[in-house]
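Working notes for the structure below.
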Amino acid sequence: MSLLEVDDVVVQFGGVTAVNHASFTAEAGRITGLIGPNGAGKTTCFNVISGLQKPTEGKVRFDGKTVNSTPVHRRSKRGMARTFQRLEAFGSLTVRDNVRVALDIHRGLAGLVKPGRADIDALLERVGIAGYAQERADSIPTGTARLLELARCLAGDPKLLLLDEPSSGLDETETDSFGDLLKDLAAEGRGVLMVEHDMDLVMAVCDVIHVLDFGQVIASGLPTAIRSDPLVQKAYLGYSDVEESEMSDETRHDLPAVDVTTEIPVVAGAVGTREAGR
Amino acid sequence: MSVPILEVVDLHAAYGRIEVLRGVDLAVPKGAVMALLGPNGAGKSTLVKVISGQKKATDGDIHLGGVNVRNAAPEELARIGLCTVPEGRSVFPNLTVQENLTLMSYAGVPAEAVLETAFTYFPRLLERRSQLAGTMSGGEQQMLAMSRALASDPALLLLDELSMGLAPLIVDELYDTVAQIASSGVSILCIEQFARTALRVSDYAAVMSGGRVVASGEPDEIMETMSDVILGGAA
Amino acid sequence: MSSFVSFTIFGLVSGAAYAIAASGLVLTYTTTRVFNIAHGAFGMVMAFVYWDFVTRQGFPTWVSLALVLLVVAPATGWLVARFVTKGLGEGPVSVALVVTVGLFVGLIGLAQQLWPPAARYVAPFWPEKSFQIGETFITGHQVITILCSVVVAVLLYLLLNRTRIGTAMRASVDNPELLKLFGGRPERVASLSWAIGISLAALAGVLLVSVVGLDYYALTLLVINAYAAAMLGRLKSLPLTFAGAMALGLLTSYASAYLPTEGLLNSVRNVVPALFLFAVIVLMPQAQLRIGQVKGIVSAPLPSLTKCLGWAGALLAFVALLAGWRSEADLLLVGTAATYAIVMLSLVLLTGYGGHVSLAQLTFAGVGALAYAKLEQPNLYGLLLSALIAAGVGALVALPVLRLTGLYLALSTLAFASIMDKMIFQADFAFGFNGTLPAGRLGILGLSIESTGAYVFTMAVFLVLVAFGLLLLRRGVIGRMLIAMRDSPAACGTLGLDIRWFRVGLFGMSAGIAGLAGALFAGLRGTIGSADFQSFNSLPLLLLAVVFGVTSVTGAVLGGTGLMLLPVLSSGDPQLGGLLFAIIGFGAVFAGRDPNGLANLLFRLGRMGESRLGSQIRAKLPVLPGRGEPDPDQGPVDDGSVEVALLDNGSAVGPVDGPVEPVREVGAHVATRG
C-alpha cells in the first residue's frame, strides 16, 4: 500500500478544469517527482492533498485512510507537511522563531514546558540555514526561505513531505547539497513528493516521476524511462522530433551572466497528434 | 529608425526587499511582434505588471510611443491604447459574454463595433453571448479575452502566458489570431512558455533570466539557444 | 383573520424599508469590500436632514426629498468613498470595521451636535389617504413604501444589467485589477456605488422616520435588520437580499403579534432581527483557508522585565497617592477608568494581537458583572468564576462562527450584544427590567476591602496583573503563534494548528478578561444594572482603544482614562457629548488605519527625544545619576528614555502597514533580542 494515493481527482474552477482525473501515488522512503509545464495543475494537486482545496471529484488516501473530509491541521497531525510555491514564511518572525512556532504547534501542550532550543538549532543546521537564525523571515533570500519552510515541516517529523518547487532560488552548489538532504530524508523512511522545474535535480534524486499535463498524468515511471518517453517529449515539446530538442553545448554559452539552462520548461505549442496519445 | 512603440530602460522593481527586475532593457519596434521567453521566476510577469501600470517600478523608465509612462495608472494606459491580456483568466467570470464585450468599449471603441468584431472573428462567442463567461471552456474564455485585443485596435498588445492551461490545438488557434492581429499592424509583446509557438508568429525574441534580458535577436537564433534546455539536456 | 392580513401588510411594509436599506449595503460592500457598519447611521442623519429641510427651512416636501435623496446623500456617499473608505477593502477586515464603526459613532455625535435633543415630528407621506383591502386598511405611506422598494429593485436591476457603468460595478466585484486593464475606473465605480448606497440608506431612513420617530439610536440600530437581510443574500445577491428583508419584516411583525406578552418570550420580539442575523451567519458555508494573504507586520521590541516592573510600580504608586488624597467621587472615576482599561486590555489581546474585532466587549463585562452579583461570593473565587463564565459565553459566541472570517465574527458579536441588551440583561433572572442588583466588595483571603481607596488600589493591581499576563503571553508560545497566524494562516494550518479552535480560545480569553473587569466594576459600584453595560457603549470603547493604541498596554491605560472622562466632560455641558462622540468617531476614521494609535506616536516622540536629547545629556553628565521615580506627568522630551520604556511596554504588534516600512526597525529588533 502506498503512503499517498491520489485517486481520480478532478478540480474545476469555474469552467476551467485544473486537474482532470489525475491518479498517482507516492511511497514511503522514496522521492517522487511531479513535473509538468506551467499550469499543468501541480500546485492544485498539492492543495488537494494538503486539504486547502476541496476536489470536485476523486479521493486522496494517506497512510491507508481516505482523508477527503479531514481538515488541514489534522492531515498535518497524521504526518503530512508541505511547503509553498508562493512563500508562506512567517515574515514578521525571525527564522529561528519560525521553526520554534512549528515545533510548538507540533508538540501542543508539551511545547509549553520543553524549551527545545537545541532542536531548533539542529533543524536549522540540517537544512543549512543556521547562519540566518536571527534574521527576520521576510528579509532572507527566496531560496533560504524555501529551506526555512522545509525546516518548519521537519519540526513536525512528517511521514510525507510535499515540496513545491523547493530548489528555485538556490544556486548550483546549494541545489546539490539540497539533493543530498532529500536523499537523507527518504533514507529515514519519509516519503517525498516534489514539484520541481530543475530537471537535473529531478533526474538525479527522484526514484519515480509522474508527468502532469493539462491536469492529467500522462506518464509515470523511472527517470530514465520518463526521459525517453515520447509522450513526455510531446508534452514538453509539442512535437515528437526528439532531435530538435537535443542539447548543443555551444549554444548554452550564448546566454551570458545567468545560467538559465536547467530551469526552463520549454513547451512548444503542440499539434493534434498528442490528443490521440491519451 | 522610427521611435520604438515600447522602450524599457534599466527598469527595476521589487517585492518588499527582494528585487525582481534588475535593470531590464527592451525595445519593441513599431508594428513588430516580440516574444519574451524565460524560466519561472525570471521576472516576465512582473515586467508585464510594471509596463501595464499594475505595479510600481522602483527605478528606470518606460516609454510608450515615445512618451514616458512610468507609474501611470493602468486605466489611463488602457485608454491611451495599451491592451494588456494578463496571465490566467482575463475575463469577468460572473458577467455574460456580451457584458464582457461591452466593458471592452472603455478602451475607446463603441460597444457595437466591439461586438461586431468579436462575433465576426469568433462566431462561437455569438452563440454564447448571454452565457456567463466563467462557465465557458478555457479556450473560449481566451477567445473572449483576445476579442479585446482585436476590437480595440491597440497601439501595443501585451500578452502574458496566453497558453496557460489550454489544450495545444486551442493554443495554435489562438496564435493564429495573434498572427492575424499582427498582420493588421499592431505591435505585440508576447510572454510565453510555449517557445516554439510564440516564435512562429514573432519577428524578434528576447530571453529573460534573473530579472534581466540576457539574450535577444531573431527567432531562429533564440530558438537554437532555447532548445538545449529541455528535460535536463540528455534526452 | 383580518388581523393576520393587517400584520402581513405591516410586515411587508417594514420588509420593503429594510430591503431598500439592505440593497444599499450590499451595493457598497460588493463593489468596495468595505462593510458599512454605519449604514443605518447615515440613514438616521439623512432623516434629520430631511426634517431640517421640511421643518426648519420650510421647503416643500418634494423639494426636501429630492434634495436629500439626489444631492445630499449621494454627495456624502461620494465623499466617503473618495476620502474615507478608499483602499480599505484591500486591507485587513479589522481596519475597515474600525473605520466604519468610527463613522457610526461620529455620525451619532454629529446628529446630537447639529440637532440637540428635542421633540421632533415627521409626518408620513400621503397621510390623508388609505385603501381598504378586505377588512383591513393600508395607509398611503405604506403603499408608498412598498412602491418605493419595487422602484428601487427595478432601477437597480436596470442599472446593473443594462448600463455600462452598472456592468463595470459588477465587474469590479469580480476583479477590479482586470477592470483597470479594460480601461474602467474602479474608483469611479466605488464612488458611484457609495453615492447610490447612501442615497438608499437615506430613502429607508426617510420612509421609516414617521414610523420609528426621529431618534439618534432607534433609526441607526435598525441597520441590524438590514445586515440580517443582506446576510441572507451572502452580501452579494440582491434578489436574495430583498427576499431576506421581506421574510424578516414578516417575522418581526408576526412575532410582535403572536408571541405571548409575558415572560422571556415577550422580549424575543425585540431581538428577532438579531436572532435572524445570528441564524443566517451560523448557516453560512465554511470559508476556505486562503494562500497569499496580507503579510508584513511591524514588530516592535517587547519591554524588559525591569522596565515593566518599574512602570507597574509607578502606576500603583500613583493610584495609591490618589487613593489617599482624592474624594470618594473621584475615586469611583479612577476605578471606572481601571475597569475600562482592563476591558481595553482584552481588546489588545483580541484586536491588537489577534486581529479580530469584537463589538460586544462591554457586554462581556456585563456578563462578568452579572455573574459576580448573582454568585454572591465577594472573594477571589467568585471573581475568577465570573471571569470564567464570561469566557465561556465569549467562546459560545465565537463557536458557531469559527468557520467564518473576521467580518462575520464581528457582526455576530453585534447581534449578541443586541440580544443581551434587549432580552437577557432585562430578564427577571438577570438584572430585571430597568433593575439593578447589589454586589459586595471583594474580599481577598478573608480580608475584606471595604474602603473605596483600597478597592481602587486593588483594581489597579488587577490591571497590572492582567497587563503582565498579556505581555508574558505575547512573549511566549501563544504570542508567537498569534503573529504566525496573522502572517500566514495557511502555513499554520498545514503545520497542524487548528486555527478555528485557537480563535475560539482567543475570543474566550478576551471575553474572560472583560468579564473580570465587569466583576471588579460591580464590586466598585455596589449596585449594578443593565444600563451600565449598554451594548452601544462597546463601540466608543473600541474606538478609543484603537485611537490610543490597541496594540499596547499603554494605549489601553490611556484609552480607559479617556473613556472614563467622556461622561465627566459632557456632564458639565450636555452639548459637548455629541461633539465628543463626533471627535472620537471621526478621529477613529483617520486613526483606524494605524492600530498602534497615539501610544505609538508617544513612543516615537520618546525615541526622538532620546536620540536628540539623550545623547547630549549623557555627554554633559559623564556619571549618569540614578534615575528618580518616573513621574507620569513628566513630558516625554524631559526624560526620553523613561518614556520609551513605558511605550515599549505595549507596542507589541504593529499594523499591517506593508512590508517596506519596518526594514529600519528590524535591526533594532534583532539587536535587542540577541
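When the strands (runs of 3 or more DSSP E) confined to segment B:1-95 are screened for residues that are farther than 21 Å from B:Gly217 by Cβ and either in contact with a strand residue (DSSP E or B) (Cβ under 8 Å, 6 or more places away or on another chain) or of a type in the set (A, V, I, L, M, F, W, C) (or both), those reaching at least 3 such residues are found at B:6-15, B:18-28, B:59-64, B:82-85.
Just to be sure before I move on: is A:Gly33 surrounded by 19 or more Cβ atoms within 10 Å (Cβ to Cβ), small (Gly, Ala, Ser), without any contact (Cβ under 8 Å) to a residue 40 or more places away in the chain and outside the structural domain of A:Asp138 (by TED's automatic domain parsing) in the structure I sent? I'd like the intermediate steps shown before the answer.
Working: surrounded by 19 or more Cβ atoms within 10 Å (Cβ to Cβ): yes; small (Gly, Ala, Ser): yes; without any contact (Cβ under 8 Å) to a residue 40 or more places away in the chain: no; outside the structural domain of A:Asp138 (by TED's automatic domain parsing): yes.
So A:Gly33 does not fit the description; no.
Taken over segment C:567-609, the criterion of being within 23 Å of C:Thr336 (Cβ to Cβ) and of a type in the set (Val, Ile, Thr) is satisfied by C:Val568, C:Ile583, C:Ile584. Report whether or not A:Arg30 is within 12 Å of chain C (Cβ to nearest Cβ) and at pLDDT 90 or above. Judged against the criteria, A:Arg30 is not a match.
Of the residues C:Val357, C:Val348, C:Val367, only one is crowded, with 24+ Cβ neighbours inside 10 Å and not in a helix (DSSP H, G or I); which? Walk me through how you get there before you give the answer.
Numbers: C:Val348 fails: not in a helix (DSSP H, G or I); C:Val367 fails: not in a helix (DSSP H, G or I).
When all the criteria are applied, what remains is C:Val357.
Residue count for segment B:96-113, restricted to those that are farther than 19 Å from C:Arg185 by Cα and either away from chain C (no Cβ under 14 Å) or modelled with pLDDT under 90 (or both): 2.
Within segment B:130-142, restricting attention to residues that are within 10 Å of B:Ile170 (Cβ to Cβ) and surrounded by fewer than 24 Cβ atoms within 10 Å (Cβ to Cβ), which residue is farthest from the other protein chains (Cβ to nearest Cβ)?
Within segment B:130-142, the first condition is being within 10 Å of B:Ile170 (Cβ to Cβ), and the residues that meet it are B:137-140, B:142.
This time we only want the ones that are surrounded by fewer than 24 Cβ atoms within 10 Å (Cβ to Cβ), so: B:137-140.
Details: B:Ser137: 6, B:Gly138: 5, B:Gly139: 10, B:Glu140: 8 Å.
Step by step, filter segment B:130-142, then rank; the result is B:Gly139.
Against the list (1) at pLDDT 80 or above; (2) part of a helix (DSSP H, G or I), the condition C:Ile528 fails is (2).
Checking the stated criteria, B:Arg200 turns out to be surrounded by fewer than 23 Cβ atoms within 10 Å (Cβ to Cβ), within 10 Å of another protein chain (Cβ to nearest Cβ) and either over 23 Å from B:Leu77 (Cβ atoms) or of a type in the set (Asp, Glu) (or both).
For every residue, the table says whether it meets (1) within 14 Å of chain A (Cβ to nearest Cβ); (2) at pLDDT below 90; (3) crowded, with 23+ Cβ neighbours inside 10 Å.
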| residue | (1), (2), (3) |
| --- | --- |
| C:Ala439 | no, yes, yes |
| C:Leu445 | no, yes, no |
| C:Thr458 | no, no, no |
| C:Leu463 | no, no, yes |
| C:Gly518 | no, no, yes |
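The residues in segment A:132-160 that are facing another protein chain (nearest Cβ under 8 Å), assigned to a helix (DSSP H, G or I), touching a residue at least 40 places away in the same chain (Cβ under 8 Å) and not hydrophobic (A, V, I, L, M, F, W, C) can be counted, and the count is 4. Within segment A:6-19, which residues are surrounded by fewer than 19 Cβ atoms within 10 Å (Cβ to Cβ) and in a strand (DSSP E or B)? Correct list: A:Asp7, A:Asp8, A:Val10, A:Gln12, A:Phe13.
A quick yes/no check of all residues on (1) charged (D, E, K, R); (2) touching a strand residue (DSSP E or B) at 6+ places or on another chain (Cβ under 6 Å); (3) in a helix (DSSP H, G or I):
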| position | (1), (2), (3) |
| --- | --- |
| B:Ser130 | no, yes, no |
| B:Glu140 | yes, no, yes |
| B:Leu144 | no, no, yes |
| B:Ser147 | no, no, yes |
| B:Asp153 | yes, no, no |
| B:Leu158 | no, yes, no |
| B:Met164 | no, no, no |
| B:Ile170 | no, no, yes |
| B:Glu173 | yes, no, yes |
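C:Asp487 meets the conditions (1) of a type in the set (D, E, K, R); (2) within 27 Å of C:Gly587 (Cα to Cα); (3) buried (at least 24 other Cβ atoms within 10 Å of the Cβ) in every case but one. The failed one is (2). Within segment A:54-101, the set of residues being of a type in the set (Phe, Trp, Tyr) and facing chain C (nearest Cβ under 7 Å) comprises A:Phe84, A:Phe90. Can you find even one residue in segment A:161-181 that is surrounded by fewer than 22 Cβ atoms within 10 Å (Cβ to Cβ), touching a Leu at 6+ places or on another chain (Cβ under 7 Å) and away from chain B (no Cβ under 14 Å)? There is no residue in segment A:161-181 that is surrounded by fewer than 22 Cβ atoms within 10 Å (Cβ to Cβ), touching a Leu at 6+ places or on another chain (Cβ under 7 Å) and away from chain B (no Cβ under 14 Å). With respect to the stated conditions, B:Ser147 is buried (at least 23 other Cβ atoms within 10 Å of the Cβ), of a type in the set (S, T, N, Q) and at pLDDT 85 or above. Evaluated against (1) in contact with a helix residue (DSSP H, G or I) (Cβ under 8 Å, 6 or more places away or on another chain); (2) more than 9 Å from every other protein chain (Cβ to nearest Cβ); (3) in contact (Cβ under 8 Å) with a residue 24 or more places away in the chain, A:Gly51 falls short on exactly one condition, (2). Taking segment B:65-97 as the range and being at positive phi and without any contact (Cβ under 8 Å) to a residue 60 or more places away in the chain as the test, only B:Asn71 passes.
Taken over segment C:374-403, the residue count meeting the criterion of being more than 15 Å from C:Gly443 (Cβ to Cβ) and part of a helix (DSSP H, G or I) is 16.
The values are calculated or read from the model by the stated rules, or taken from the named source; none is laboratory data. Remember, predicted model here, so these are calculated numbers, not experimental data. Here Cβ is always computed from backbone atoms with ideal geometry, including for glycine, and neighbour counts include all displayed protein chains.
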